[in-house]
1. Run the accessible area of the chain with a 1.4 Å probe and give the carbon-and-sulfur part as a rounded percent.
2. Taking 8 Å as the Cα distance limit and 6 or more residues as the minimum spacing, I'd like the relative contact order of segment 1-91 as a percentage.
3. Return the loop-located chymotrypsin sites (Phe, Trp or Tyr not before Pro) in segment 92-153 (DSSP other than H, G, I, E, B) with at most 16 other Cβ atoms within 10 Å of their own Cβ; answer none if there are none.
4. Show that you can apply the helix-only estimate: for the chain, add -39,500 (n - 2.57) for every DSSP H stretch of four or more residues, divide by all residues, and state [θ] at 222 nm to the nearest 500.
5. At 1.4 Å probe size, put 65, 122 in order of accessible surface, largest to smallest.
6. What is the antiparallel percent of DSSP beta bridges lying wholly in the chain, to the nearest 5?
7. Once fully extended, how much extra length lies between residue 156 and residue 6, figured as 0.36 nm per residue of separation less the alpha-carbon to alpha-carbon distance?
8. Work out the charge dipole of the chain with +1 on the Cβ of Lys and Arg and -1 on the Cβ of Asp and Glu about the Cα centre, then indicate which of 82, 135, 40 is farthest towards its positive end.
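The values are calculated or read from the model by the stated rules, or taken from the named source; none is laboratory data. Everything numeric in this text was worked out from a predicted model, so none of it was measured. Neighbour counts are summed over all protein chains in view; Cβ atoms, including those assigned to glycine, are modelled from backbone coordinates with ideal geometry. Only protein heavy atoms, including side chains, enter the accessible area calculation; ligands, DNA and RNA are left aside. Shrake-Rupley method; radii C 1.70, N 1.55, O 1.52, S 1.80 Å.
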Amino acid sequence: KIHLFDVDLPDREERYRESATIAAGSKPIVVPTPVGRVGLSVCYDVRFPELFRLLQEQGAEILCLPAAFTAATGRAHWETLIRARAIENLSYVIAPAQAGVHESGRETWGDSMVVDPWGHILDRVTEAGAGLAVGEIDRTLQQQVRDRFPSLNHRRFQVTV
């Protein structure tokens, strides 16, 4: 997790200070797996598209984004952000998400998803349910999408760490 969620929500009387208990990561990480190279991120990182571009530049074919989004921000932004990261990087996104009311009273949104490189939701578990979202990672399809829509090759600016 590179970006820490330090936010005051005065209208909801909620306050989050991840920096009080978590040390931020300092560099993007891509790991090889049997299904492809996976770029790692966590929750609030989803709001920083440059991180995902760096992961893609490092060879990520799949982006993994576990999260515990607040109910308010999840309802408003979660699906849009997940699909955007898939589309702009022509990558699969696996986004497991916690849902429900926690002992502290905090409510998290949920809506776990598997999204393909074109932004299609392959499977999801909604905010109200518990379960497992499953989707096929088809690397041939991903390469076809990247070949037919070569936007990654048309970039005019590089993102650097």
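1. 54 percent
2. Numbers: 124 pairs, mean separation 22.0, N = 91.
Worked out over segment 1-91, it gives 24 percent.
3. Numbers: sites: 92, 109, 118; in loops: 118.
Here the chymotrypsin sites (Phe, Trp or Tyr not before Pro) that fit, given the DSSP loop and packing criteria, are 118.
4. Working: 3 runs with 30 residues, N = 161.
That comes out to -5500 deg cm²/dmol.
5. Working: 65 0, 122 70 Å².
Output order, biggest surface exposure first: 122, 65.
6. On the way: 20 of 27 bridges.
Just about 75 percent of them are antiparallel.
7. Details: separation 150, 0.36 × 150 = 54.00 nm, distance 3.25 nm.
Taking 0.36 nm per residue and subtracting the Cα distance, the gain is 50.7 nm.
8. 40
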